[in-house]
């Protein structure tokens with residue numbers, strides 16, 4: 001039992017879970033308690049970063065985050081999506097997969113305008129309010145990508161960038177580098 005505790009507890013706690021052990025009829029049972037507050041805190045931190053970067057209210061930052069994540073998800077391969085999701089906060093994972101039609105094939109981005117069009121399409125009727133023109137949409141995409149890079153390893157960010165066309169990659173590398181510099185300060 002001690003070996004079980006020593007091996008599983010660090011893994012469980014790193015995932016935001018707490019483990020409790022109890023004995024029922026001399027059988028040791030491990031109970032995992034989900035820590036939803038921790039999930040909410042990390043998700044709120046992600047949205048707060050977007051909100052601060054864009055200087056917009058949190059509800060707007062949430063819609064922007066959702067639209068950008070869905071636009072990226074629709075263009076990444078399933079493998080790329082799963083690798084990205086593995087490192088995102090739980091609440092942001094939920095946003096990422098919300099409404100995902102897994103059987104639908106992905107179309108690759110060719111130009112930055114393809115990404116901007118997809119973002120506005122994902123935002124629906126509020127896209128004019130949330131994004132406005134291409135300049136504001138570019139700024140929003142950069143803000144969400146910078147937030148992603150706060151939670152995802154540098155290696156995973158590099159893999160994601162390499163899967164994108166050079167025009168999009170160059171644009172998003174700026175956001176990733178900007179975020180690395182601000183984290184180091």
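Quick notes on this structure:
- Extension gain from residue 129 to residue 170, taking 0.36 nm per residue of separation minus the Cα-Cα distance: 12.1 nm
- Extending 7 Å from Cα along the Cβ direction at residue 104 and again at residue 121 yields two label points whose distance is 0.8 nm.
- The ranking of 41, 137 from fewest to most other beta carbons within 10 Å of each one's beta carbon is 41, 137.
- Modelled spin labels at residue 35 and residue 158, positioned 7 Å past Cα toward Cβ, are 3.1 nm from each other.
- Rg/Rg_ref, segment 73-138, where Rg_ref = 2.2 N^0.38 Å and atoms are Cα: 1.20
- When the alpha carbon gyration tensor of segment 112-178 is reduced to an equivalent ellipsoid, its three semi-axes come out at 22, 12, 10 angstrom, largest first.
No lab work stands behind these numbers, since they all come straight from the coordinates. These numbers come from a predicted model, not from an experiment. Every residue, glycine among them, receives a Cβ derived from its backbone with ideal geometry; neighbour counts consider all protein chains shown.
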